[in-house]
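Student: Okay, handing you the structure first.
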Amino acid sequence: MNALPHARHFIDGAWTESGTVGESTDPATGKVLGTFADGGAPEARAAIDAARRAFGTGDWSRDRDLRARALFEMSDRMTERRDELVALLSRENGKIPAEAALEVDLTISKIRYYGALALTESGRASEVKPGLYSMTLRQPAGVAGVIAPWNSPVILSVRSFAPALAAGATVVLKLPGQTALTNSLLFEIISTVKSLPQGVFNAFTESGSQGARLIVADPDVDVISYTGSTHVGRSIMADASASLKGMSLELGGKTPMIVFDDADLDAAVPVLTKAITTFTGQFCMTGSRILVQRGIADELRTRLSAALKAVRVGPGTDPASEMGPLIDRANADRVEKEISDAAEYAGILVRGGRITEGPLAAGAFVRPALIEVEGADGLDRPIVQQEVFGPVATFEVFDTEADAITRANATEFGLAASVWSRDVDRPLRVGRELDAGTVWANTWAVIVDQMEEGGFKQSGVGRLNGERALEEFQEIKHIVHPAPRTS
């Protein structure tokens, strides 16, 4: 009988263990997939110390050619093991294979983008007065602490640590225990990058939070990049305040999908369905609020309800599956409770919820749900205001453009929104009024490496992707040099 795989940490160029061992389980079956070294404060301490030494003593912070070469090589190594990473991510995280492939493929291109950006300089220089020269230089902030979640561990960790490395920072990465085997494979791929100096990249897996808390509070960590819940993001900001660290936080979302009377429903319905079910709704940009103008509300209600009922739920090993399980059974039970609670005050269009019978009952499977809330009072309901993090959407009817904008902006979140209309000007006009960091016109979840993303309001601070992402890990130094004419 073959031994189960075991995942370790990668710190200061070496593989390390922990005193505690955890188990990784298959969310589709509940069976144990492998074991992992479960880290905490000691691993975080070792990783921080290694990153600090590498930043202070090596050439990484000054050698942009080295940084570009290492990132290009990292992309090559990930390309070589792409299929292996896709298969493991699908099995351990619960994504269907197509979604796991999407995550990994986006990751590979992102690393290449930041390899190129490592060679790009965006400083300024000027003779501001006769004989007085002024210039700005960007230099790395120091040690970057990256804390990423389990829902998309590969892309969401790379989205932070790739620009950090390109900027010249060294990295301490903490990933969660739910995806320990995937984490370890990612660490293994990065460990084979010969251009990457020892101690520049350090990573550990932790099912708890002591290591993450140390990263946030320790004065040897200069900047934090966190992706996760708004609640935890607030705590991170408070805990980091003593050292005034730089902070990039991408937090929760409650994406309104605004469908006007003149929308093309043939195009919209399949995308709305995917917006609710992609990654089993475990996505900060899940289209969890369907806002529809009254003239087409009846038709969209019927068509979207039918589409959600038809979604084939199953494991990634079944080619027919269109939506996989949640990350674990505890989260499946949590989503079931939120649907049941909403049934007491809202209309249930599609019940969905936990699958408790048949071959899928052993896993963390739920079916998608659609819940209708009515009137202005409905905006205050928990199902509208709180992020479910599962395949659950509300259905809300509006009358006018102004009404749609008011409803869309009625939550504390502001990560993303989508506007559907055949009127060429309306998406831009409405989008300008939405409190959201990303607005899509007649589409959803189109993200490109070159353009920034991030949240308004309680959906976060700072931006990732694009050139701005490098700035999150840099300081700007202003140098003034008098050199007057001598004759």
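The values are calculated or read from the model by the stated rules, or taken from the named source; none is laboratory data. What you see is a predicted model, and the numbers here were worked out from it, not measured in a lab. Here the Cβ positions follow ideal geometry from the backbone for every residue, glycine too, while neighbour counts run over all protein chains shown. The protein model used for the area step is the full one, side chains on, heavy atoms only, and it has no ligands, DNA or RNA in it. Shrake-Rupley method; radii C 1.70, N 1.55, O 1.52, S 1.80 Å.
Student: Report the extension gain between Ser235 and Thr20 in nm, rounded to one decimal, defined as 0.36 nm multiplied by the number of residues separating them, less their alpha carbon distance. Walk me through the numbers before you get to the answer.
Tutor: Working: separation 215, 0.36 × 215 = 77.40 nm, distance 2.58 nm.
Gain on extension, Ser235 to Thr20, equals 74.8 nm.
Student: Binned at 10 Å from 0, what are the whole-percent values of the Cα-Cα distance distribution for the stretch 251-338, short to long?
Tutor: Distribution as computed: 16, 44, 31, 9, 0 percent.
Student: Relative to the longest principal Cα axis of the chain, at what angle does helix 64-80 sit, 0 to 90 degrees, rounded to 10?
Tutor: Between helix and principal axis, roughly 40 degrees.
Student: Quick check: from the Cα gyration tensor, does the stretch 178-230 come out rounded (a/c under 1.5), prolate or oblate?
Tutor: On the way: a/c = 2.29, a/b = 1.30, b/c = 1.76.
Judged from the Cα gyration tensor, the stretch 178-230 comes out oblate (a/c at least 1.5, b/c at or above a/b).
Student: Would you calculate the separation in nanometres between label points at Glu357 and Ser109, each defined as 7 Å from the Cα along the Cα-to-beta-carbon direction?
Tutor: Taking the simple label geometry, Glu357 and Ser109 are separated by 4.4 nm.
Student: Can you give the FRET efficiency for Leu4 and Glu299, using 1/(1 + (r/R0)^6), R0 = 41 Å, r = Cβ-Cβ distance, to the nearest 0.05?
Tutor: Numbers: r = 51 Å, r/R0 = 1.25.
Computed FRET efficiency for Leu4 and Glu299 comes out at 0.20.
Student: If you put +1 on each Lys and Arg Cβ and -1 on each Asp and Glu Cβ, how big is the dipole of the stretch 188-267 around its Cα centre, in Debye rounded to 20?
Tutor: Numbers: 5 positive and 11 negative charges, 103 e Å.
Charge dipole, the stretch 188-267, about its Cα centre: 500 debye, nearest 20.
Student: Compute the distance from the alpha-carbon center of the stretch 189-266 to that of the stretch 45-82, in whole Å.
Tutor: Between the Cα centres of the stretch 189-266 and the stretch 45-82 lies a distance of 19 Å.
Student: Continuing with this model, one more query. Which of Phe473, Tyr133, Gly34 sits closest to the plus end of the dipole of the chain, meaning its Cα is farthest towards the positive end, when Lys and Arg get +1 and Asp and Glu get -1 on the C-beta?
Tutor: Selected residue: Tyr133.
Student: Calculate the dipole size of the chain relative to its Cα centre from +1 charges on Lys and Arg beta carbons and -1 charges on Asp and Glu beta carbons; express the result in debye to the nearest 20. Before the final figure, lay out the partial values.
Tutor: Numbers: 50 positive and 64 negative charges, 210 e Å.
Here the size comes out at about 1000 debye.
Student: May I ask you to order 173-183, 285-295 by the average number of other C-beta atoms within 10 Å around their residues, highest value first?
Tutor: On the way: 173-183: 26.0, 285-295: 23.5.
Ranked from most to least packed, the peptides come out as 173-183, 285-295.
Student: Could I ask something else about it? Straight-line reach only, C-alpha to C-alpha below 19 angstrom: list the lysines that Lys31 could link to, leaving out same-chain residues fewer than 8 apart.
Tutor: Reachable lysines: Lys95.
Student: Would you list which lysines come within 27 Å of Lys129, measuring only between C-alpha atoms, while excluding same-chain residues fewer than 8 positions from it?
Tutor: Those lysines meeting the cut-off are Lys477.
Student: Now, a different point. Could you state the accessible area per residue of the chain in Å², with a 1.4 Å probe and every protein chain left in place? It would help to have the intermediate numbers written out before the result.
Tutor: On the way: 20010 Å² over 487 residues.
It amounts to 41 Å² per residue over the chain.
Student: Separate question: For the stretch 291-298, just list the computed ³J(HN,Hα) in residue order, Karplus coefficients 6.51, -1.76 and 1.60, θ = phi - 60°, integers in Hz, with x standing in for Gly and Pro.
Tutor: After applying 6.51 cos²θ - 1.76 cosθ + 1.60, I find 9, 10, 6, 4, x, 10, 4, 5 Hz.
Student: I've got another one for you. First select every other residue whose beta carbon is under 15 angstrom from the beta carbon of Asp403; then total the charges, Lys and Arg +1, Asp and Glu -1.
Tutor: Spelling it out: positives minus negatives among the neighbours equals -2.
Student: Now, a different point. Keeping the other protein chains in place, figure out the carbon and sulfur percent of the accessible area of the chain, with a 1.4 Å probe.
Tutor: Values: 10410 of 20010 Å².
After summing per-atom areas, the C and S share lands at 52 percent.
Student: Still on this model: Whole-Hz Karplus ³J(HN,Hα) for the stretch 120-137, in order, using 6.51 cos²θ - 1.76 cosθ + 1.60 and θ = phi - 60°, x for Gly and Pro?
Tutor: 9, 10, 10, x, 10, 8, 7, 8, 6, 9, x, x, 10, 9, 9, 8, 10, 10
Student: In addition: Determine which lysines satisfy two conditions relative to Lys457: a Cα distance under 27 Å, and not lying fewer than 8 residues away in the same chain.
Tutor: Cross-link targets: Lys110, Lys174, Lys245, Lys254, Lys274.
Student: Now, a different point. Nearest 10 degrees, 0 to 90: what angle lies between the long axis of helix 180-191 and the longest principal axis of the chain (Cα atoms)?
Tutor: Rounded to the nearest ten degrees, it is 30.
Student: Rounded, prolate or oblate for the stretch 396-473? Axes are the square roots of the Cα gyration tensor eigenvalues, ordered a ≥ b ≥ c, and the cut-off for rounded is a/c under 1.5. Intermediate values should be presented prior to the final figure.
Tutor: Working: a/c = 2.91, a/b = 1.64, b/c = 1.77.
In terms of gyration-tensor shape, oblate.
Student: Considering Cα pairs under 8 angstrom that are at least six residues apart, work out the relative contact order of the stretch 370-487 and quote it in whole percent. List each step's numbers first, then the result.
Tutor: On the way: 138 pairs, mean separation 21.4, N = 118.
Result for the stretch 370-487 is 18 percent.
Student: Something else: Write down the percent of antiparallel bridges among all DSSP beta bridges whose residues are both part of the stretch 366-487, to the nearest 5.
Tutor: Just about 25 percent of them are antiparallel.
Student: Next up: Residue separation times 0.36 nm, minus the C-alpha to C-alpha distance between Gln385 and Ala87: what's the value? Could the numbers behind the result be given before it?
Tutor: Values: separation 298, 0.36 × 298 = 107.28 nm, distance 3.52 nm.
Length difference between fully extended and current span is 103.8 nm.
Student: Nearest 5 percent is fine: what portion of the DSSP beta bridges confined to the chain is antiparallel? Please list the in-between numbers first.
Tutor: On the way: 32 of 75 bridges.
Percentage antiparallel, nearest 5: 45.
Student: Between Ser122 and Met135, how many nm apart are label points set 7 Å from Cα along the C-beta direction?
Tutor: Result for the modelled spin labels: 1.9 nm.
Student: Pull out the extension gain between Val461 and Arg334, defined as 0.36 nm times the separation in residues minus the alpha carbon to alpha carbon distance; nm, one decimal. Intermediate values should be presented prior to the final figure.
Tutor: Details: separation 127, 0.36 × 127 = 45.72 nm, distance 2.79 nm.
Stretched out fully, the Val461 to Arg334 stretch lengthens by 42.9 nm.
Student: Cα axis of helix 41-57 to longest principal axis of the chain: angle in degrees, 0 to 90, nearest 10?
Tutor: The two axes meet at around 40 degrees.
Student: Moving on to the next point. To the nearest 500 deg cm²/dmol, what mean residue ellipticity at 222 nm is calculated for the chain from DSSP H runs of n ≥ 4 alone, each contributing -39,500 (n - 2.57), summed and divided by the residues?
Tutor: Calculated from helices alone, the mean residue ellipticity at 222 nm is -11500 deg cm²/dmol.
Student: Moving on to the next point. What shape does the chain take by its C-alpha gyration tensor, where a ≥ b ≥ c are the square roots of the eigenvalues and a/c under 1.5 counts as rounded, a/b above b/c as prolate, and the rest as oblate? Don't jump to the answer; show the numbers that get you there.
Tutor: On the way: a/c = 2.10, a/b = 1.30, b/c = 1.61.
Oblate, since a/c reaches 1.5 and b/c is not below a/b.
Student: Something else: Contact order normalised by length for the chain, with contacts defined as Cα pairs under 8 Å and 6 or more residues apart; what percent is it?
Tutor: Details: 1129 pairs, mean separation 91.9, N = 487.
Worked out over the chain, it gives 19 percent.
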